[in-house]
Amino acid sequence: MKQTLFKTLLAFSLFTAAACYSIQAAPGDLYDGGLSDQKIYKFNIAGTETVFVSDSATFQPDWLAFDSKGNLFASNPAHSAISKITPNGSTITDFATGINPGDLAFDAAGNLFAIDGATGSIFKYTPSGARTTFAGPGLNDLIALAFARDGNLFVTRRGNGLAGSGSIVKFTPAGAMSTFIPSGLFLPKDLAFDGFGNLYEADSGSGSVFRFAPNGTKTTFKAGLNAPQSLAFDRDGNLFVGECPTCDIVKITPAGTQSLFATPPAVGGLAFEPPTAQLTAISTRASVQTGAGVTIGGFIITGTAPKRVIVHGLGPTLSQPPYNVPNVLADPTLSLHDSTHSIFSNDNWKETQQTAIQATGKAPRFDVESAIVITLQPGNYTAILGGKNLTTGIGLMEVYDIDTAAFAELTAVSTRGFVGTGEGLMIGGLITSGGNGSTQVIVSGLGPTLGQPPYNVPNVLADPKLTLVNSNGNIVGGNNNWKDTQQTAIQATGLAPPNDLEAAIVVTVAAGNYTAILEGNGGGTGIGLVEIYKLR
Ligand SMILES: [Ca+2]
Ligand SMILES: [Ca+2]
């Protein structure tokens, strides 16, 4: 019965892109800078080593970092450059020159930060390579970088090289430096954050990995190592440590169990390949009411460049084959807002941007339906779908990325609306494509939280339940209450629902077309919210 319902509901998804299933890509491969071997080594999850790229004597890769599109950046101090390697390894170019590069890290927007040992600076590069100085010059003992989830940058400092002289400093996004750990480290090397905001430090002089809680409290996560240099966490929270001079990579579970992962010929910086498929379309279908029951769709654009999108507000299309939904919104209206004010609205799509909308190839089927095509800066946006003259019915709001090459992406969609039963369930949809074909998302279904401050929405969905299905109608994941199934993994995203009765799932999906169904456990109804976040 359940499968049949999902297959019926799937017909409501209007996405036109064909679901293209491939074998799930292998984000999760570990990369290792091979230093004077002039290679970057790559390991699958079992530790099997292959050579990802090799090049001339001027290519001596050390520290590594991936951008959101899957390009691998390597510091190449032997050539005073930062190298950029395309996802298939086919080209190696100089992304930046004129730097004596140390560690590399990307911020959430996609800017690359690099330590320059020549000037004692941290340089910041846009995706196009434009450089500014973020910190320094004159900070001559900077070693390694890691961004916290809140955007602060943490950096190890070597001190004078004696035991206890190493430290960790913190930079705000605006570049203000403060001390996080004033002393006590011995030849500190790499830094890495776990999903709970704890910072790990490779303390090469003492053969330890120290863990610092967000308040700075220090514990020894692992002692008795050789000389840990480089750190990287996998998606399951295991810490991988590159050691010298033994040239091994050890794996340490969250509980501290240590095993030998690989013994490559050289160990430089480590980086895991992230899932790099993008959300290319997001949608929500709901029963559009009036007042607090209008359908409010929020979405987030993350990046360093503007993003061109088309937003739809549909109703009559849903009444047609193959959807055949009764009681659709007869005459939708759509308005788009940024975080402070209304930026565009439309009742009937031909009235304002007919030519531009037709040029996207995504014009609505009916003249009374709404559409807005617009170029948006990275930020948070809200689209409100209503019925003209306070009419009600089933409606659909969609956002399509029509400029996937831009260094910006849709990273989240949330929709608040009335969750009914049967055809009135709330449905969130997403399409992922490109990159290495894999995306990790957290999908949440909220209700009780909306009834609390600052929302104070009346008549909320008391006990949300969530199911995620693929385009074949197969269940990919779901739960009634989020702690029932993946409590630790959900908490590690930093996006756990506030209320135990709310639902959430974390899932890594292959490129394709997915539908999240929010309903009331036991058939309850009320105002609910479904959210889809792409994880980094
Ligand atoms: Ca209209
Ligand atoms: Ca529940």
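The values are calculated or read from the model by the stated rules, or taken from the named source; none is laboratory data. All values reported here derive from a predicted model rather than from experimental measurement. Cβ sites come from the backbone with ideal geometry, for glycine too, and all protein chains shown count toward neighbours.
Given the options A118, A108, A74, name the one that is in contact (Cβ under 8 Å) with a residue 40 or more places away in the chain and in a loop (DSSP other than H, G, I, E, B).
A108 is the lone residue from the list that is in contact (Cβ under 8 Å) with a residue 40 or more places away in the chain and in a loop (DSSP other than H, G, I, E, B).
Residue-by-condition table, conditions (1) without any contact (Cβ under 8 Å) to a residue 40 or more places away in the chain; (2) on the phi > 0 side of the Ramachandran plot; (3) assigned to a loop (DSSP other than H, G, I, E, B):
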site	(1), (2), (3)
F221	yes, no, no
G237	no, yes, yes
P254	no, no, yes
P265	no, no, yes
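Name the residue, out of N513, N481, N499, N456, that is out of contact with any Lys or Arg (no Cβ under 8 Å at 6 or more places or on another chain), polar (S, T, N, Q), in contact (Cβ under 8 Å) with a residue 60 or more places away in the chain and in the same structural domain as S283 (by TED's automatic domain parsing).
N513
Find the residue count for the stretch 77-105, including only residues that are of a type in the set (V, I, T), part of a loop (DSSP other than H, G, I, E, B) and surrounded by fewer than 20 Cβ atoms within 10 Å (Cβ to Cβ).
Result for the stretch 77-105: 2.
Exactly one of (1) within 30 Å of G102 (Cβ to Cβ); (2) in contact (Cβ under 8 Å) with a residue 40 or more places away in the chain; (3) part of a loop (DSSP other than H, G, I, E, B) is unmet by Y323. Its number?
Tallying (1) within 30 Å of G102 (Cβ to Cβ); (2) in contact (Cβ under 8 Å) with a residue 40 or more places away in the chain; (3) part of a loop (DSSP other than H, G, I, E, B), Y323 fails exactly one: (1).
Taking F366, is it closer than 27 Å to I527 by Cβ and either within 16 Å of ligand 2 (Cβ to nearest atom) or of a type in the set (F, W, Y) (or both)?
no
Mind checking which pairs have a first residue in the stretch 343-362 that is assigned by TED's automatic domain parsing to the domain that holds A383 and in a helix (DSSP H, G or I) and a second that is away from ligand 2 (no atom under 16 Å from the Cβ) and among the aliphatic types (A, V, I, L, M), Cβ under 6 Å, 6 or more apart or different chains?
Listed by first residue and then by second, the contacts come to W349/I357; W349/A371; A356/V373; I357/A363; I357/A371; I357/V373.
Can you name the residue in the stretch 460-474 that is over 24 Å from the mean Cα position of the chain (by Cα) and either small (G, A, S) or under 17 Å from L279 (Cβ atoms) (or both) and is also farthest from ligand 2 (Cβ to nearest atom) among such residues?
Residue satisfying both the conditions and the ranking: G473.
For the stretch 126-163, which positions are of a type in the set (V, I, T), outside any loop (DSSP other than H, G, I, E, B) and in contact with a Ser or Thr (Cβ under 9 Å, 6 or more places away or on another chain)? Quick ask: steps written out before the conclusion?
Quick first cut of the stretch 126-163, residues of a type in the set (V, I, T) only: 126, 132-133, 143, 155-156.
Restricting the remaining residues to those that are outside any loop (DSSP other than H, G, I, E, B) gives 132-133, 143, 155-156.
Selection gives T132, T133, I143, T156.
Quick check on I384: is it modelled with pLDDT of 95 or more and either within 30 Å of the chain's Cα centre (by Cα) or within 16 Å of ligand 2 (Cβ to nearest atom) (or both)?
It is false that I384 is modelled with pLDDT of 95 or more and either within 30 Å of the chain's Cα centre (by Cα) or within 16 Å of ligand 2 (Cβ to nearest atom) (or both).
Okay, residues lined up against (1) under 20 Å from T295 (Cα atoms); (2) within 22 Å of the chain's Cα centre (by Cα); (3) modelled with pLDDT of 95 or more:
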residue	(1), (2), (3)
R416	yes, yes, no
M426	yes, no, no
P458	yes, no, no
V476	no, yes, no
A489	no, yes, no
D500	no, no, yes
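Of these, L35, L72, which one is touching a Leu at 6+ places or on another chain (Cβ under 7 Å) and hydrophobic (A, V, I, L, M, F, W, C)?
From the options L35, L72, the qualifying one is L72.
What tally of residues in the stretch 366-383 results from selecting those that are more than 13 Å from ligand 1 (Cβ to nearest atom) and either among the aliphatic types (A, V, I, L, M) or free of Cβ contacts under 8 Å to residues at least 60 places away in the same chain (or both)?
Of the residues in the stretch 366-383, the ones more than 13 Å from ligand 1 (Cβ to nearest atom) are 373-383.
Adding the requirement that they be either among the aliphatic types (A, V, I, L, M) or free of Cβ contacts under 8 Å to residues at least 60 places away in the same chain (or both) leaves 373-374, 376, 383.
Counting residues in the stretch 366-383 that are more than 13 Å from ligand 1 (Cβ to nearest atom) and either among the aliphatic types (A, V, I, L, M) or free of Cβ contacts under 8 Å to residues at least 60 places away in the same chain (or both) gives 4.
Go through the stretch 181-200 and report how many residues are more than 24 Å from the chain's Cα centre (by Cα), of a type outside the set (K, R) and buried (at least 16 other Cβ atoms within 10 Å of the Cβ).
Selection size over the stretch 181-200: 6.
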